[in-house]
Amino acid sequence: MKSSGFSRLDRAAMQDVKRWKLIPARQGNEPVAAWYDAPVEYKME
């Protein structure tokens, strides 16, 4: 959706999201196209 302003952090977030396993959206028994915005947050400790 938008950059964090830090290219290294953006790349790390993209690598993490690519490992997610998602279940296709369905209407009844039919798979359908869908969009979902999932915020990715990292906390400094």
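Among residues of segment 20-45 that are closer than 27 Å to residue 4 by Cα, those with a beta-carbon under 9 Å from a residue that is loosely packed, with under 10 Cβ neighbours inside 10 Å and of a type outside the set (A, V, I, L, M) at least six positions away or on a different chain give the pairs 22/36; 34/24; 38/20. Looking at 31, 39, 24, just one residue is in contact with a strand residue (DSSP E or B) (Cβ under 6 Å, 6 or more places away or on another chain) and either modelled with pLDDT under 90 or not hydrophobic (A, V, I, L, M, F, W, C) (or both), and that residue is 24.
Within 14 Å of the chain's Cα centre (by Cα), in a loop (DSSP other than H, G, I, E, B), surrounded by 10 or more Cβ atoms within 10 Å (Cβ to Cβ) and among the β-branched types (Val, Ile, Thr) - does that describe any residue in segment 12-19? No, segment 12-19 contains no residue that is within 14 Å of the chain's Cα centre (by Cα), in a loop (DSSP other than H, G, I, E, B), surrounded by 10 or more Cβ atoms within 10 Å (Cβ to Cβ) and among the β-branched types (Val, Ile, Thr).
The values are calculated or read from the model by the stated rules, or taken from the named source; none is laboratory data. Remember, it's a predicted structure, so these values are computed and weren't measured experimentally. No Cβ is skipped: glycine too gets one built from the backbone with ideal geometry, and neighbour counts run over all protein chains shown.
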